[in-house]
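Structure first, then comments.
What follows draws every value from the coordinates through simple rules; no lab data is involved. Owing to the predicted nature of the structure, the values given are computational and were not obtained by experimental measurement. We place every Cβ from the backbone using ideal geometry, glycine too, and count neighbours over all the protein chains shown.
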Amino acid sequence: MREAASALAARARKQVRDPSAALFGTQLISIVLRLGSNLVLAHLLVPRDFGLLAITTIVATALVMLSELGTWVAIVRQADSVDRRWLDQMWTLQAGRGVLLWLIALALTPAIASSYGEPQLLWLLPVANFWLIILGLESLQPFIRNKDLRPGLSLKLQLITQAVGSAFSIVGALIYPSPWALIGGLLAGAVANTVMSHIWGGAGWPKPRMSREFLREQWKLASWLSLSTALGFFGGQIDRLIFPAWFGTTAFGIYSIALTLALFPLQLGQRWADTLYMPAIAKLSQAHAPDAARQLRSLCRTVVTYAAVGSALLAGMGSPFFHALYPQRFAEAGTYIQVLAVTTYFTFITYLHRRVFLYQGMTRFEAAIEASRLFLFLAGVGCVVLLLRKPSPIEYVGIYALVQAIVYGGLLIVGRIRGLVHLRDDLPGHILFVLILAGMAVLDATVEARFGAIAALLASGTLGGLIALATAARLGLPKLPTQQASPTPPPQDPAAVPEIFDPLQET
């Protein structure tokens, strides 16, 4: 008995030191901080305030994604050849882009405020988008450490950003309830992130420098990647672009509150995929181990299962969560969360598999995926408008969820042809997702109808916790490769990129 207990304790200590454990633990703390601050702010502010913040966030996100530099991908592909001069040039390029993007945002402000019919955006947008300049000055040290599967610095920065931003927003809302409280929290978090990235990074302040050769290399990397991320913005956020124009800023505020909760599994999964999964792909590919493909598939299968359980539990607990704890004016967010869970689940699985395509240099396929998401959604909404009427907000969100499932199906077909994706690895996750989602929906409806929203939240929370613990006990943490890999670049698909580009710099 004592030996078994010692073995379990040793396993627990080993897993706590695992990068995945650090990431999941940090994300859990971040989720608690965000949920707590979001709940407090929902009682201090009105939905329109959240809608205005969401519009400013969309503008900043659009500018960033339309000018993607490929910093993280470039650092991963540089392997061990990253030196101080190269980092200084990358930081200079990043900082210059931040200033340029803020000027562009300033020029677009009148048109954006007019298109959404919100004069207050004339003042909110220039201030909120100063976030672009602040983050442009961030240190690159978190990326360097992530490359080596040491995410500690980036995780600490995430927590300090969340804590400072939330505290600033809550204090601001208590003093002056308005969207300015939310904008202030956004900027305060960005300042904390940038300052601490240099202090904790320990590499000193970068020196501004630039060369033509470096710019040429980055252009080769970023050209197709920028197109992909630009299409990714429109394909991934087209629902948010149209929503306030059709249904109003107040309705958009309620939708953005639901998104805040719905995106937790997606954000966690995407951060894991970028911070740990992509370096794992590089290590397994470069090590040329005979069982590398098996390890990668096992890793992917585990993460898809976690994504299925997390998304389904979110949908199951989300509705009673909003009904029990939020003011009545936010009640409709409970309905949105159930549809959004389907959206985030398929979006994440697609994103996870795309890391393999991205590492293989198939950036044209990346662009094709994003373009298909955009055009399928516009076609779906257009068909509903032409055949019936303007869709309701729930129908509108449902169309977007359906599009994500269709895009995932298309990726499966291409991935199977290329031998990069296997449906049977995803199938256990799909089955769990459907079963948990259906079971939780029945439980919530039954308990809430008879005993109220608080009882439904307690019941779904208890069941959800048991399911999460059982999943963790069965699967453990995603097993990352530990062997050191040589800096050999990955094989390239010559048909994936134009011949004029250097394939070794393509992603």
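Look at Y408, Y336 and count the other Cβ atoms within 10 Å of each Cβ; fewest to most, that gives Y408, Y336.
How long is the gain from V46 to W246 if the chain were fully straight, where each residue apart is worth 0.36 nm and the alpha carbon distance is subtracted?
Details: separation 200, 0.36 × 200 = 72.00 nm, distance 1.92 nm.
Difference between extended and current length: 70.1 nm.
Under the classification rounded if a/c is under 1.5, otherwise prolate if a/b is larger than b/c and oblate if not, where does segment 302-417 fall, given a ≥ b ≥ c as square roots of the Cα gyration tensor eigenvalues?
Values: a/c = 3.08, a/b = 1.35, b/c = 2.28.
Since a/c reaches 1.5 but b/c is at least a/b, the shape of segment 302-417 is classed as oblate.
The local environment of T161, defined by Cβ-Cβ distances under 15 Å, has a net charge of +2 under the rule Lys, Arg +1 and Asp, Glu -1. Along segment 447-454 the Karplus relation, 6.51 cos²θ - 1.76 cosθ + 1.60 evaluated at θ = phi - 60°, assigns HN-Hα couplings of 5, 5, 5, 9, 10, x, 5, 5 Hz to successive residues, with x for each Gly and Pro. Is segment 12-210 rounded, prolate or oblate when judged by the Cα gyration tensor, a ≥ b ≥ c being the square roots of its eigenvalues, rounded requiring a/c under 1.5 and prolate requiring a/b larger than b/c? Oblate, because a/c is 1.5 or more while a/b does not exceed b/c. Fewest neighbouring Cβ atoms within 10 Å first, the residues E448, E213 line up as E213, E448. Counting beta carbons within 10 Å around each of R271, R145, R216 and listing the fewest first gives the order R216, R145, R271.
For segment 248-258, 3J(HN,Hα) computed residue by residue from phi via the Karplus equation (6.51, -1.76, 1.60; θ = phi - 60°) reads x, 5, 5, 4, 5, x, 5, 5, 5, 5, 5 Hz, glycine and proline entered as x.
3J(HN,Hα) along segment 237-247, derived from phi through the Karplus expression 6.51 cos²θ - 1.76 cosθ + 1.60 where θ = phi - 60°, amounts to 10, 4, 4, 6, 5, 8, 3, x, 5, 8, 10 Hz, with x in place of Gly and Pro.
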